[in-house]
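Since the structure comes first, as structure tokens, the remarks are kept for the end.
The values are calculated or read from the model by the stated rules, or taken from the named source; none is laboratory data. Since this is a predicted model, take the numbers as computed values, not measurements. For neighbour counting, all protein chains shown are included, and Cβ atoms are generated from backbone atoms with ideal geometry for every residue, glycine included. These area figures cover heavy atoms from the full protein model, side chains too; ligands, DNA and RNA do not enter into them. Shrake-Rupley method; radii C 1.70, N 1.55, O 1.52, S 1.80 Å.
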Amino acid sequence: MNGRLTLEEFAHRVDLAYAARIRPELEALTVDLPGNALDLQPRTHRRPTRFTGVAFGSVERKGRWRLPRFAALAVLFGDADIDLRKAEIGGQIVTITTLLVFGNADFYVPLGVDMDVGGVTVFGHRREHGHDVEPALDAPLVRLRVYSIFGTSDVWRIAPETGGSFRDLIRSVQERPQLDAGSRDS
């Protein structure tokens, strides 16, 4: 791991930091992180995924994968499931530009990640689902720009302890009581 946290790990550690009552509880949260950037060991670099596309099919991005500062997704008559919970991000601000033409894209993000969702939708919808907590001041910002014609895009905010298939993740958000107006239509 070499000191890199996924979005889900970061959100979980922020929750634990807020719940900490004594200094050793806080220190335990960073014991596996390097002291500074020079402490990072050289690692084999897996290339970040800059472009993901699908035509007349489906695509899934899940597990641990590298997301650069700027990424693109294109869906033509297909479906895309993009799981950002274990993605290693390439900076404090990440922008994902999405083009949907007669397609569907679902984005799964951990609670506590700062999301900025925008774009243009013609004959479709762009929605955010689930309750979210106030992001920490140093939380990464994920900008999602969706441009769709006859397309659907949904952002699903997933609790850290939730697992299972994408269908299970969606069901967990739909069944969780909403503490605020977390589901918004754009």
Point to revise | Tabulated pairs, the range 107-122, first farther than 23 Å from Glu60 by Cβ, second of a type outside the set (Gly, Ala, Ser) and surrounded by fewer than 19 Cβ atoms within 10 Å (Cβ to Cβ), C-beta under 6 angstrom, 6+ apart or interchain | key: Gly112/Val133; Gly112/Pro135; Asp114/Pro135; Asp114/Leu141; Asp116/Arg143; Gly118/Arg145; Val120/Tyr147; Val122/Ile149
**Study point:** Count of residues meeting criterion [free of Cβ contacts under 8 Å to residues at least 60 places away in the same chain, open to solvent by less than 30 Å² (accessible area, probe 1.4 Å) and outside any strand (DSSP E or B)] in the range 75-105
**Key:** 3
Review point. Do we find a residue being free of Cβ contacts under 8 Å to residues at least 40 places away in the same chain and under 20 Å from Thr49 (Cβ atoms) anywhere in the range 125-146?
Key: no
Review point. Does the range 94-103 include one or more residues that are at positive phi and either at pLDDT below 90 or more than 16 Å from the chain's Cα centre (by Cα) (or both)?
Key: yes
Practice item. Tally the residues that are outside any strand (DSSP E or B) and over 15 Å from the mean Cα position of the chain (by Cα), restricting the search to the range 119-133. Key: 2
